[in-house]
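Notes follow once the structure below has been shown.
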Amino acid sequence: MISIGERINGMFKDVREAIKNKDPKAVRELAIKQTDAGASFLDVNVGTAAADSIGAMKWLIEVIQDTVKTPIAIDSQKYDVVKAGLSVIKNEVLINSTKGDTEELDKYMNLSKDYNASLICLTMDKCGIPQDIERRMEIVMKIVEKAVELEFDLSKIYIDTVLFPINVDQKQPALMFEIFNQIKMISDPPPHRNVGLSNFSQGTKEKRLLARTFLTMGIPYGLDAAVMDVLDKDLMDAALTAEIIMNQHVYSDSYLTACRK
Amino acid sequence: MEIPNVADKWTGGVNEITLGATRDKGGTREKTVTIGGAKSIPFMDFEGNPGHKPVVAMDVYDVPPEDWPETLSKPFADVMNDPAKWAKKCVEQYGADMICLKLDGIHPDKGDKSAEDAVKTVKSILAAVSVPLIIWGCEHDEKDNEVMPKVSQAAKGENCLMGIVSQNSYKTLTATCLADGHCIITMAPVDINIGKQVNILVSEMDFPLNRIVMFQSTGALGYGLEYTYSIQERERLAALTGDRMMSMPVICDVGHEAWRAKEAKSDDNEVPQWGPREERGPLWEAITAVSLLQSGVDIIRMNHPKAVAAVKKCINRLY
């Protein structure tokens with residue numbers, strides 16, 4: 001599982017305060033804790049509170065890179081904030097994210113290529129988020145075609161299937177499994193299949209259980225990446241166990257310990 | 001029509017290990033051997049770096065083996081009572097890349113020789129040859145735990161490959177190798193899950209992963225070769241897909257296992273239809289070795305000079 005640790009986000013109070021006071025302590029701690037917990041990437045999102053999003057993004061990335069070598073996911077919907085983040089990047093990097101419109105894909109894929117970055121592409125476009133599998137797969141096709149056209153390495157593309165919160169639209173999550181399955185077969189190598197896991201269970205009473213259950217149900221269908229709470233040990237263990245059950249790793253009695261090392 | 005490129009892309013690889021230490025590294029070896037480093041499955045170098053060539057370690061015993069057929073003992077008849085001379089012959093005449101000293105004589109049922117005897121033998125071999133050494137205990141846990149630490153201490157700084165440790169007995173030798181700067185062989189009896197487990201257990205003692213060589217126990221041609229093969233193949237695929245606990249180079253015990261087969265050792269008059277044993281025995285050993293090479297092996301323990309020559313020729317042609 002490619003786990004993208006979500007905690008360095010200005011939506012959280014400790015990160016918001018850190019940005020405001022330019023106090024790196026909390027950010028450093030979160031970078032180390034998430035790295036130790038096994039994060040493949042550290043998501044960096046300045047949130048909405050920062051007055052200077054560009055300055056905040058650069059500062060957060062510099063603090064993290066000063067602390068750990070863990071790859072970074074630059075999380076912003078604003079192109080200039082992403083670009084500013086890339087201008088100071090030293091660690092391996094993933095851009096989170098672009099929509100599936102042709103002109104957006106063009107712009108972001110070319111930017112990613114310039115920085116040898118991976119790229120999360122959402123299955124949504126200016127018409128919004130499709131409600132059915134067919135329309136979502138049309139966007140996936142468009143993403144893959146664009147990648148092939150621009151000779152963008154497909155193994156560096158992460159398709160985010162835009163997982164709805166369970167308490168917003170209960171019909172949607174079940175469609176995701178079929179979509180993961182279809183993306184897996186679209187090319188060789190196929191793009192990764194990603195979801196925003198915490199978003200899915202946000203505002204519910206059984207947040208962690210819902211996230212954990214969705215993840216373990218998704219893995220057999222080909223879900224292999226998620227923006228998630230890597231500090232939730234039960235969630236990380238469940239993901240690894242699901243992968244062991246699907247024969248993606250060699251079993252051993254201490255497989256959990258081995259993975260955490 | 002364009003032929004599609006079906007080459008796989010691998011994200012991981014086999015650890016690289018250098019065995020033996022020269023004077024400037026604290027040992028007395030004149031040659032070191034580097035193994036591992038593969039980033040593709042064997043003989044598929046169009047998919048990635050095939051890594052270092054597999055090497056042949058020839059077995060030398062501390063006491064003359066009693067069960068060797070004449071075909072096998074004949075080339076060593078003049079040296080079998082002197083492990084140092086035996087080792088020298090293997091290196092100088094038969095081109096052994098390494099020597100594997102098998103301390104059978106310390107086994108309680110095979111002579112029960114003392115740790116002091118073992119130390120003496122190790123020192124004499126280190127003085128006689130300049131290639132790196134594998135030192136293999138008698139596989140009796142209690143006796144090995146008594147003798148191997150002393151042997152390890154005697155060879156301190158030489159960066160030997162010491163074996164073996166298993167799921168049930170690994171602490172003593174792991175701690176010893178860590179202290180004396182040796183590499184270690186982790187053993188599992190044809191069981192990939194236990195193989196991984198032993199690697200984890202050893203690494204939990206802070207033993208570096210890049211100083212471990214894996215041993216799955218070996219089945220000879222006709223005697224379980226396919227079990228060893230499929231496990232080693234799976235280990236190699238796990239290494240190539242980035243499983244750190246399965247990324248160790250692999251050692252096989254081909255000589256000992258191949259020569260236990262009746263097809264290798266039977267007399268000509270017992271089975272005339274099988275052809276002359278002078279050819280049959282070495283062939284049995286060579287075919288076992290070459291077959292296992294395809295699964296991903298880095299060190300092959302071997303016995304007969306003719307088989308060694310055939311296998312080395314094959315390796316040199318294929319790599």
Kirkwood-Stokes translational diffusion coefficient of the stretch B:82-200, alpha-carbon pairs, 20 °C, 1.002 mPa s, µm²/s: 147
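Can you check what the Kirkwood hydrodynamic radius comes to for chain A, Cα pairs only, in Å to one decimal? Spell out each step's value before the answer.
Numbers: mean 1/r = 0.0536 Å⁻¹.
It works out to 18.7 Å.
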Two-decimal Rg to Rh for the stretch A:1-94 - Kirkwood Rh, Cα set: 0.92
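Hey, which of these cross-link pairs are over 22 Å Cα-Cα: A:LYS20/A:LYS205; B:LYS171/B:LYS196; A:LYS33/A:LYS156; A:LYS20/A:LYS126?
Numbers: A:LYS20/A:LYS205 31 Å; B:LYS171/B:LYS196 16 Å; A:LYS33/A:LYS156 26 Å; A:LYS20/A:LYS126 33 Å.
Checking Cα-Cα distances, A:LYS20/A:LYS205; A:LYS33/A:LYS156; A:LYS20/A:LYS126 exceed 22 Å.
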About the Cα centre, charge dipole magnitude for the protein assembly as shown (Lys/Arg +1, Asp/Glu -1 at Cβ), debye: 1240
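Based on the alpha carbons, how large is the Rg to Rh ratio for the stretch A:102-208 when Rh follows Kirkwood?
Result: Rg/Rh = 0.99.
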The protein assembly as shown: antiparallel DSSP beta bridges as a percent of all, rounded to 5: 10
Residues A:LYS69 and A:LYS13, FRET efficiency given R0 of 30 Å [Cβ-Cβ distance, rounded to 0.05]: 0.65
Dipole-positive endmost among B:GLY26, B:GLY242, B:TYR319 within chain B (Cβ charges, Cα centre): B:GLY26
Evaluated over the stretch A:182-238, the Cα radius of gyration and Dmax, each in Å: 12.2, 40
Under 18 Å from the Cα of B:LYS25 - aspartates and glutamates, other chains or at least 8 residues apart: B:GLU16, B:GLU158, B:ASP180
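Apply 1/(1 + (r/R0)^6) to the Cβ-Cβ distance of B:GLU2 and B:ASN81, taking R0 = 56 Å, and write down the FRET efficiency to the nearest 0.05. All intermediate terms of the calculation are to be shown ahead of the outcome.
Details: r = 65 Å, r/R0 = 1.17.
Efficiency computed from Cβ-Cβ geometry: 0.30.
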Value of D in µm² per second that Stokes-Einstein yields for the stretch B:53-124, Kirkwood Rh from Cα pairs, at 25 °C (0.890 mPa s): 192
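Quick one: length gained pulling B:ARG260 to B:GLU233 fully straight, 0.36 nm per residue minus the C-alpha distance? Walk me through the numbers on the way to the answer.
On the way: separation 27, 0.36 × 27 = 9.72 nm, distance 2.39 nm.
Separation in residues times 0.36 nm, less the Cα-Cα distance, equals 7.3 nm.
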Å³ per residue enclosed by the Cα convex hull of the stretch A:53-101: 63
Centroid-to-centroid separation of the stretch B:1-27 and the stretch A:3-46 [C-alpha atoms, Å]: 36
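Computing the accessible area with a 1.4 Å probe over protein heavy atoms, can you report the carbon and sulfur percentage for the stretch A:2-258? Intermediate values should be presented prior to the final figure.
Numbers: 5950 of 11450 Å².
Ligands and nucleic acids excluded, carbon and sulfur reach 52 percent.
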Cubic angstrom per residue, convex hull over Cα atoms of the stretch B:1-157: 172
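Given that compact globular proteins tend to follow 2.2 N^0.38 Å, what is the ratio of the alpha-carbon Rg of the stretch A:75-161 to that value? Please list the in-between numbers first.
On the way: Rg = 12.5 Å, N = 87, 2.2 N^0.38 = 12.0 Å.
Ratio of Cα Rg to 2.2 N^0.38 Å: 1.04.
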Gaussian network model of chain A, springs between alpha carbon atoms under 10 Å - residue of A:GLY203, A:GLY38, A:GLY100 with greatest fluctuation: A:GLY203
Span per principal axis, largest first, for the Cα atoms of the stretch B:126-280 (Å): 55, 41, 30
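If you put +1 on each Lys and Arg Cβ and -1 on each Asp and Glu Cβ, how big is the dipole of the stretch B:11-118 around its Cα centre, in Debye rounded to 20?
Rounded to the nearest 20 debye, it is 480 debye.
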Per-pair calculated FRET efficiency, R0 = 22 Å: A:GLN248 and A:ASP188 via Cβ, rounded to 0.05: 0.80
Virtual spin-label span in nm between B:GLU116 and A:LYS171, 7 Å along Cα→Cβ: 8.8
Long-range amide H partners of B:SER166 with built H, under 5 Å: B:MET187
Counting DSSP beta bridges with both ends in the stretch A:2-258, the antiparallel % (nearest 5): 5
Burial of 40 Å² or greater, the stretch B:204-220 residues [accessible area, probe 1.4 Å, versus chain by itself]: B:GLU204
Rg and Dmax [Cα atoms of the protein assembly as shown; Å; Rg one decimal, Dmax integer]: 28.7, 94
Spatial extent of the stretch B:16-318: Rg and Dmax, with the Cα atoms as the point set, Å: 18.1, 56
Vicinal HN-Hα couplings computed from phi for the stretch B:11-22 (Karplus, 6.51 cos²θ - 1.76 cosθ + 1.60; Hz; Gly/Pro x): 9, x, x, 8, 4, 9, 10, 9, 10, x, 10, 7
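Can you give the accessible area per residue of the protein assembly as shown, in Å², using a 1.4 Å probe?
44
Under unit Cβ charges (Lys, Arg +1; Asp, Glu -1), what dipole magnitude, rounded to 20 debye, does chain B have relative to its Cα centre? Don't skip to the answer; put the middle values down first.
On the way: 35 positive and 45 negative charges, 180 e Å.
So the magnitude is around 860 debye.
The values are calculated or read from the model by the stated rules, or taken from the named source; none is laboratory data. From a predicted model like this one, the values you see are computed outputs, not experimental measurements. As a convention, Cβ positions derive from the backbone with ideal geometry for all residues, glycine included, and neighbour counts pool all protein chains shown. Surface accessibility is based on the protein's heavy atoms, side chains included, excluding ligands, DNA and RNA. Shrake-Rupley method; radii C 1.70, N 1.55, O 1.52, S 1.80 Å.
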